[in-house]
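Notes follow once the structure below has been shown.
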Ligand code: DGL
C-alpha cells in the first residue's frame, strides 16, 4: 500500500500550488489531475461541483492511489464530506489545514478569508476556523477576478493591484491580522496582497499547510513510501497545451508529457473486491 501514489486533483492548473508544496516536502509518487475542460468550479453550484469531484476522485482511485488530496478549495468546501463518505483511502481537503493554521497564528482574533464565490458562499472556512476557536471574528470576501488574472500571468500587474485594493479594503478596515488564501491561485498573488495589506497581516497559504498535514497522515497511517519516488504524472481533461504553459509558470519549471483523459462515472473506481476503494 505504501508504495502506491498519492492522487491530487483540482479544477485545473491552480492545484499545482498544492502539488508543489507536497513535492517539496515528500519523496512520494504523485499523480495530478486537473479538470481543465470544466474549470472554473468556483462559480458553479454545489451539486455540479460534487459530481465533478466524484468523477475526478474515481479517476484517481482507478489508478490505485493510497490517498486523495483535494487541492481545489471549491471542491474541498462543497464536496469533501461526499468523498470521505464514499472512499476508503484517506481524503484530505485544503480547508481544514488552512483554517487550523489561521486559528493558531492570529493574535487579535480577527481573520479574513478570501476565495471563489462558491467557497465563500459555502461558509466552510468560517465553520472550520470556528471549530478550532469559537471566539475568532471572521470576515470573508469572494474574489472572482483573481483566478483569471493569475491565469493571464498578471500576478504583479497594476490591474491586479487595483483589483486587490478593491477586494481587500473591507477586510483591512476590519483590522484583520491574518488572511487565509482560500483558493489555489492566490499564493501566486502574495506579493500584490502583501503590498496592499502591509507586512502586519499574516498570509496563510492553505496549500502549504495541507502538505504538512499530508506528511502527518502518511506517518500516522504507516503509508510513507519506502523507495525513492518515480516521476510525477499529470493528467488533464482538456488540451494539455494551456496546462503546460500556465502550469510551467506555477511550478517555475517546464511541464511536459501531460496526458489528456476523459472523466465519467463509468470509470472504474475499484481495484479488487476485497481491497476495493469504495466503502
Ligand atoms: N481551484 C479553484 C479553487 O481553489 C479555483 C479555480 C476554479 O474556480 O475552479 O477554489
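The values are calculated or read from the model by the stated rules, or taken from the named source; none is laboratory data. Because the structure is a prediction, the values reported are computed rather than measured. Backbone-built Cβ (ideal geometry, glycine too); neighbour counts: all protein chains shown.
Points worth noting:
- Of all residues in the stretch 136-146, those being assigned to a strand (DSSP E or B) and closer than 18 Å to residue 183 by Cα number 5.
- Residue match in the stretch 9-20 (condition: in contact (Cβ under 8 Å) with a residue 60 or more places away in the chain, part of a helix (DSSP H, G or I), away from the ligand (no atom under 13 Å from the Cβ) and touching a helix residue (DSSP H, G or I) at 6+ places or on another chain (Cβ under 7 Å)): yes
- Every residue from the stretch 30-50 that is more than 25 Å from residue 224 (Cα to Cα) and away from the ligand (no atom under 11 Å from the Cβ): 37, 45, 46, 47, 48, 50
- Of the helices (runs of 4 or more DSSP H) lying entirely inside the stretch 71-124, those carrying at least 3 residues that are within 10 Å of the ligand (Cβ to nearest atom) are 73-86, 117-122.
Residues are listed down the side, and each one gets a yes or a no for (1) assigned to a helix (DSSP H, G or I); (2) in contact with a strand residue (DSSP E or B) (Cβ under 9 Å, 6 or more places away or on another chain); (3) over 19 Å from residue 125 (Cα atoms); (4) free of Cβ contacts under 8 Å to residues at least 12 places away in the same chain:
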position	(1), (2), (3), (4)
148	yes, no, yes, yes
156	no, no, yes, no
162	yes, no, yes, yes
169	yes, no, yes, yes
218	yes, yes, yes, no
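- Some residue of the stretch 51-65 being part of a strand (DSSP E or B) and within 16 Å of the ligand (Cβ to nearest atom): no
- Here the condition is being touching a strand residue (DSSP E or B) at 6+ places or on another chain (Cβ under 6 Å), buried (at least 21 other Cβ atoms within 10 Å of the Cβ) and modelled with pLDDT of 95 or more; of 94, 69, 105, it holds for 69 alone.
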